[in-house]
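This report refers to the structure that appears directly beneath it.
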Amino acid sequence: MIIDKSHVSGTRFMFTIAFYLQSSALLTSFISGITEQESWIPAIFGILLSLPIIYMFRTFMVKFPDKNFLQVLEMTYGRVLGKIMGLGYIGFFINLTSLNLLDLGEFTKLAILPLTPQLLITLLCILVCVWAVRHGFNVVSRYGSIFTLIEFAIVITSLILLSNQIEFSNLIPVFQLPLIKYVQTTHIVTVIPLSELVVFLMITPCVKNISKQQATKYWFLGALMGFIVLMLTLLRDITVLGNSLHLFSLPGMVSLRLVNLGEALSRIEIIFAVGLTLLLFFKITILLYVSTIAVAQLFGTTQYKNIALIIGVFVVFYAPTLYPNSVAHTNSARTIEPFVHGLFEIVLPLLTFIIAAILKLPKDKKSMLKQEA
Amino acid sequence: MNKIFKRILTVFMVIISLTMLGGCWDSKEFNELFVITATALDVAEDPKKITVTLQTANIPQGAGPSGGNSSGGSGSGGKSGSSSKAVIILKAESQSLLDGIMHISRDSNREVLFQHNQIRIIGKELAQKGIIKHLDMLMRDTHSRLEVPLAVVDGRAEEVVKAKLSQDPNSGIFLGEMFRDLSRVSNEYQVRLIDFAQMLIGESVAPIMPMIKLSGSDDKQEIHFVGMAVFKDDKMIGSIDTEETLGLIWAFGNVKNTNMDVKEEEQNHAVLRIKSFKTKPEVSLEKNGKVKINLDIDVLTGLGELKGFKEYKMEQLIEHVKKLAEERIKDRINDTLLVAKQMKSDFFRFGTLISQKHPKEWKRLKKRWENELFMQVELNVNAKVKIAGSGEIVQSLEKEEKK
């Protein structure tokens, strides 16, 4: 059963991965609050750790090119257990969508429209997302490459504009904190932005006509583009803000606000803010799409268009109830969330991967992606 | 039917987005706003309270968009003319800064707009009592900007915002521009809120903040930059004058667009134009716990002005002035360090330097740093001055005249 019949090319898939990761670069306060100026070290560890995980995702794609992850779960664990796990994943995806919607609302409130009710912003955003999702993944991912370029442009321009305030001495000294903090932060980096790529396992059936090598190439190139932006943003914020980095809830925004080149080029953070909101909007669209497909898969229907609207409205009203305030949000992102995310992003996929290998799935080897001749 | 419905829906969505997202419901016209140009904080009579004084640019009614830039009443002419003030002063006594702003908003017919605040000044007395609790709001608020400079006033800050300057009708804008100009000379001259916060958090750093003073009386008042206020944690404990501040900014390096004067006895006087000024600090820790700091200073200058030096020939003169300049840099920095040691304030940020270069040892030294080790710091200044150009004339005009 194929729910969404849209086909996309491998390149587009790559760019979708890239901008998905890039949009997480906005929210670095989860890690910067813990390891402060040294956050770039756990970020590097996190990137290294996420490489095998991404390889695992790639292998799922190679082995089950026309099955989404929920179908793989059902194949591996049987119908009942697979459905139960699928239910868990649906909860995870919807939760993820709500979290990002909450972030978008809070960011917009803080940076662009301080007096507009948050509900209005999120509601309008989700309506546009639903609109896109109803047209299938083809539409959702259409502007991926442009948005990747926009994000690169934002980061590089901001680096140039802040060049007079960058102090490399802020990067030293290293390894001054207790070891456990690096472990904690590495865990957060690996799990929260990087391994969230698990959502793309729901999308892989839309990617057509690619070989095994191409699958590897697209996964890793896409991730690499995301890594570059994540590292550049972190390094920029650390070098500009120095020891005050951990004070701010949106370090990226604060350093952009400091842009001041000869008085003429100052107070232009609104341009960046709009760009960053755009990226978050895109991430939400992807997540909403994934949640919708997952729900449709669970109930065995191909009529996903109306499900999108229902989930969208649900998410709008569910998101504000998640946390009483942003402090609780950040706190949970530092302590509880990484473990919940880890279960769905690493533990379960890995378990499934191993069991599938023992059961010698998939039985129909012909459908697997082939090596290029 | 369906198509028409879709079109109507689209138009409806666009209208909703335009009106709702534009935030028109809380729009404020220009004449409903107080555009704050300076914020001043002082100690109030009641020691628990502070005085918040806001300076507002008085934009003449009907001046139109072009009049907005002319910084107040001076541009209006006609009826209001000289009688209208360039600024409006709003004042409140309250427990905290935000509280004070609330009082002011409540008692006025307009809303205060902080986005164009040019400077935040703090009275000396309040600075001595501690300012950290008043900065919290400024860091937290979305509308207050982190790049606004801070300064301490020798005296009461409200006097400065009320002052009728001979230099500029609006003292807030004047100060903002003054510090912007100074920051072109050295970044250390301009302490933005974020810089001050960084210094407060920094390890064993004594925060500094520029200090200004108001002089003159009535209509002919002037603002002068008089040096740096030195803080211990968030309390001001002393100050250094402009000459001592020179030693500080030279120790940090990266000085541009300024001059350096060199004197020998009474009559010999040379001014060098600084083209580049680079300082490279190096720290070495000795076994007995002493800290040695080496400053390699490279200065590229050109001759700006020459007076006296009649006994020298031009070739020797350049060599001589060069040596004098090197001596001057060394003495200046060492003298300022002496002042710092007297105040027990590491405003040279040597502590940060050690923590970056020798992090392991720093953990050990940290506790003893302020009261003991900083006192024993050995500073070695290696200044190298190059005099590259002599300007448009080769000889000294004074000497030519004697021939």
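The values are calculated or read from the model by the stated rules, or taken from the named source; none is laboratory data. In this text, all values refer to a predicted model and were calculated from it rather than measured experimentally. Cβ placement follows ideal geometry from the backbone for every residue including glycine, while neighbour counts extend to all protein chains displayed.
Among the numbered conditions (1) within 17 Å of the chain's Cα centre (by Cα); (2) within 14 Å of chain B (Cβ to nearest Cβ), the only one that A:Ser50 does not meet is (2). Kindly indicate the residue of segment B:171-185 that is within 13 Å of another protein chain (Cβ to nearest Cβ) and crowded, with 18+ Cβ neighbours inside 10 Å and also farthest from B:Pro149 (Cα to Cα) among those meeting that condition. The selected residue is B:Ile173. Hey, among B:Val283, B:Val271, which residue is outside any helix (DSSP H, G or I), in the same structural domain as B:Asp335 (by TED's automatic domain parsing) and touching a residue at least 60 places away in the same chain (Cβ under 8 Å)? Sole residue among the options that is outside any helix (DSSP H, G or I), in the same structural domain as B:Asp335 (by TED's automatic domain parsing) and touching a residue at least 60 places away in the same chain (Cβ under 8 Å): B:Val283. Inside segment B:245-268, residues that are out of contact with any Phe, Trp or Tyr (no Cβ under 7 Å at 6 or more places or on another chain), in a strand (DSSP E or B) and not β-branched (Val, Ile, Thr) make up a count of 5. Of the residues screened, A:Leu276 is one that is among the hydrophobic types (A, V, I, L, M, F, W, C), away from every other protein chain (no Cβ under 11 Å) and out of contact with any strand residue (DSSP E or B) (no Cβ under 6 Å at 6 or more places or on another chain). The residues of segment B:352-394 that are of a type in the set (Gly, Ala, Ser) and farther than 29 Å from B:Arg273 by Cβ amount to a single one, B:Ser355.
Return yes or no: is A:Leu159 farther than 21 Å from A:Leu287 by Cβ, without any contact (Cβ under 8 Å) to a residue 60 or more places away in the chain and either within 17 Å of the chain's Cα centre (by Cα) or surrounded by fewer than 22 Cβ atoms within 10 Å (Cβ to Cβ) (or both)?
Taking the combined requirement at face value, the residue does not satisfy it.
Residues in segment A:248-269 that are farther than 28 Å from A:Thr35 by Cα and either facing chain B (nearest Cβ under 10 Å) or modelled with pLDDT of 80 or more (or both) were compared, and the one that is nearest to the chain's Cα centre (by Cα) is A:Arg267. Candidates A:Leu101, A:Leu70, A:Leu21, A:Leu51: the one that is surrounded by fewer than 22 Cβ atoms within 10 Å (Cβ to Cβ), out of contact with any strand residue (DSSP E or B) (no Cβ under 7 Å at 6 or more places or on another chain) and under 20 Å from A:Val198 (Cα atoms) is A:Leu51.
State whether the residues of segment B:114-137 include one that is over 28 Å from B:Ser345 (Cβ atoms) and without any contact (Cβ under 8 Å) to a residue 40 or more places away in the chain. Checking segment B:114-137: at least one residue is over 28 Å from B:Ser345 (Cβ atoms) and without any contact (Cβ under 8 Å) to a residue 40 or more places away in the chain. Residues that are within 14 Å of another protein chain (Cβ to nearest Cβ) and closer than 30 Å to A:Phe92 by Cα occur in segment A:239-246; there is at least one. Of all the listed residues (B:Leu54, B:Leu33), the sole one being modelled with pLDDT under 90 and assigned by TED's automatic domain parsing to the domain that holds B:Asp154 is B:Leu33. Within the set A:Ile293, A:Ile355, the sole residue that is under 18 Å from the mean Cα position of the chain (by Cα), part of a helix (DSSP H, G or I) and farther than 15 Å from A:Asn95 by Cβ turns out to be A:Ile293.
Could you check, for segment A:232-244, whether at least one of its residues is free of Cβ contacts under 8 Å to residues at least 12 places away in the same chain, surrounded by fewer than 23 Cβ atoms within 10 Å (Cβ to Cβ) and not basic (Lys, Arg)? The answer is no; no qualifying residue exists. Would you confirm whether or not segment A:308-324 contains a residue that is modelled with pLDDT under 90, assigned to a loop (DSSP other than H, G, I, E, B) and of a type in the set (A, V, I, L, M)? Taking every residue of segment A:308-324 in turn, at least one turns out to be modelled with pLDDT under 90, assigned to a loop (DSSP other than H, G, I, E, B) and of a type in the set (A, V, I, L, M).
Results for (1) away from every other protein chain (no Cβ under 14 Å); (2) modelled with pLDDT under 85; (3) over 23 Å from B:Pro207 (Cα atoms); (4) assigned to a helix (DSSP H, G or I), shown as yes or no for each residue.
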{"position": "B:His320", "(1), (2), (3), (4)": "yes, no, yes, yes"}
{"position": "B:Arg328", "(1), (2), (3), (4)": "yes, no, yes, yes"}
{"position": "B:Thr336", "(1), (2), (3), (4)": "yes, no, no, yes"}
{"position": "B:Val339", "(1), (2), (3), (4)": "yes, no, no, yes"}
{"position": "B:Phe348", "(1), (2), (3), (4)": "yes, no, no, no"}
{"position": "B:Ile354", "(1), (2), (3), (4)": "no, no, no, yes"}
{"position": "B:Glu372", "(1), (2), (3), (4)": "yes, yes, no, yes"}
{"position": "B:Met375", "(1), (2), (3), (4)": "yes, no, no, yes"}
{"position": "B:Ile387", "(1), (2), (3), (4)": "yes, no, yes, no"}
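In this structure, A:Leu104 does satisfy being in contact (Cβ under 8 Å) with a residue 12 or more places away in the chain, within 14 Å of chain B (Cβ to nearest Cβ) and under 16 Å from the mean Cα position of the chain (by Cα). If you filter segment A:127-148 down to residues that are among the aliphatic types (A, V, I, L, M) and away from every other protein chain (no Cβ under 13 Å), you find that the one that is surrounded by the fewest Cβ atoms within 10 Å (Cβ to Cβ) is A:Ile146.
Would you confirm whether any residue within segment A:279-295 is of a type in the set (S, T, N, Q), buried (at least 18 other Cβ atoms within 10 Å of the Cβ) and within 14 Å of another protein chain (Cβ to nearest Cβ)?
No; the residues of segment A:279-295 include none that is of a type in the set (S, T, N, Q), buried (at least 18 other Cβ atoms within 10 Å of the Cβ) and within 14 Å of another protein chain (Cβ to nearest Cβ).
Listed by position, the helices (runs of 4 or more DSSP H) contained in segment B:94-152 that have at least 3 residues being in the same structural domain as B:Leu193 (by TED's automatic domain parsing) and more than 24 Å from B:Leu214 (Cβ to Cβ) are B:97-106, B:132-140.
Among the residues making up segment B:197-216, those that are facing another protein chain (nearest Cβ under 10 Å) and closer than 20 Å to B:Gly247 by Cα are B:Met199, B:Val205.
Only one entry of A:Ile154, A:Ile90 meets the criterion of being surrounded by 14 or more Cβ atoms within 10 Å (Cβ to Cβ), at pLDDT 90 or above, more than 14 Å from chain B (Cβ to nearest Cβ) and in contact with a helix residue (DSSP H, G or I) (Cβ under 6 Å, 6 or more places away or on another chain), and that entry is A:Ile90. Looking only at residues of segment B:115-156 that are in contact with an Asp or Glu (Cβ under 6 Å, 6 or more places away or on another chain) and surrounded by fewer than 16 Cβ atoms within 10 Å (Cβ to Cβ), we find that the one that is nearest to the other protein chains (Cβ to nearest Cβ) is B:Ile132.
Applying the set (1) within 26 Å of A:Tyr182 (Cα to Cα); (2) buried (at least 24 other Cβ atoms within 10 Å of the Cβ); (3) among the hydrophobic types (A, V, I, L, M, F, W, C); (4) modelled with pLDDT of 90 or more to A:Phe45 leaves exactly one unmet item: (2).
B:Arg180 satisfies every condition listed in (1) modelled with pLDDT of 85 or more; (2) closer than 23 Å to B:Met236 by Cβ except (2). With respect to the conditions (1) surrounded by 12 or more Cβ atoms within 10 Å (Cβ to Cβ); (2) assigned to a helix (DSSP H, G or I); (3) of a type outside the set (D, E, K, R), A:Ala328 lacks only one, and its number is (1).
Restricting B:Lys344, B:Lys280, B:Lys307 to those that are within 14 Å of another protein chain (Cβ to nearest Cβ) and surrounded by fewer than 18 Cβ atoms within 10 Å (Cβ to Cβ) reduces the list to B:Lys280.
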